[in-house]
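The values are calculated or read from the model by the stated rules, or taken from the named source; none is laboratory data. Model, not experiment: these values are computed from the prediction. Here Cβ is always computed from backbone atoms with ideal geometry, including for glycine, and neighbour counts include all displayed protein chains.
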Amino acid sequence: MSRFSDVRIGDYVLDKHAYKVALLGGRNLQTRFGAMADNPKPVRHNYGVVRGNYFGVTPNGPAIEIATNLCDWFELGQRTGSGHWLEAQIVADGEFLFNGRLFIRGRTAGTIIDNFPRSSPAGWTRRQLAQGEGYELVADDGTVVFGYRVNGRICHVTANIFDTSGEIVAESSDDEFRIYQPPMSIGRGGVRWE
């Protein structure tokens, strides 16, 4: 069950029916409903945020953190095709698993991860974090393509995600994972940004 907290676009707080226009750090969002009450023109903002929500999880249970939201599953990008894609899910006993097609800035070939950290792609190293629970997926040259850390029962993605052209689509910083480009879904039956 999802719990709705608030949605902010710039300085505006929207009601729960408008949440699909603003998700998790989207840059330069154009509001789909056009004008705000105090501004007769469609508004373009530098960011949009959905924060403080639970999607398919309960407080104190295992969860994946996206910005300040907690969820049981998320998907960034599209599973089909050749572009970036990342899926995170919680499986039995609170284990965190990741699948995806990830890119390193400056490289044209993507890396497929399948049930990471249970398995690692050929030619890559799965490195356990020295402090805390979690893993990184590391290339031979030491470049980290993906990683996550678990604090308590909360999973934090610790790597930036790039598209095929090297543009950042999601960023990890200060224990937050912010999504900048659609498509993405958070929580099974939760919200979708297209």
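Remarks
- Scanning the range 139-153 for residues that are modelled with pLDDT of 90 or more and of a type in the set (D, E, K, R), we see that the one that is surrounded by the fewest Cβ atoms within 10 Å (Cβ to Cβ) is 153.
- Selection from the range 127-143 of residues that are over 16 Å from residue 102 (Cβ atoms) and within 20 Å of the chain's Cα centre (by Cα): 133, 134
- Subset of the range 61-110 that is at pLDDT below 90 and β-branched (Val, Ile, Thr) - its residue that is surrounded by the most Cβ atoms within 10 Å (Cβ to Cβ): 104
- Of the residues making up the range 165-176, not a single one is crowded, with 16+ Cβ neighbours inside 10 Å, over 16 Å from residue 74 (Cα atoms) and either touching a Gly at 6+ places or on another chain (Cβ under 9 Å) or of a type in the set (A, V, I, L, M) (or both).
- Here residue 187 fulfils each of the conditions (1) farther than 13 Å from residue 66 by Cβ; (2) touching a residue at least 60 places away in the same chain (Cβ under 8 Å); (3) not β-branched (Val, Ile, Thr) apart from (1).
- Pairs, first in the same structural domain as residue 163 (by TED's automatic domain parsing) in the range 66-80, second of a type in the set (S, T, N, Q), C-beta under 6 Å, six or more apart: 69/53; 73/89; 75/185
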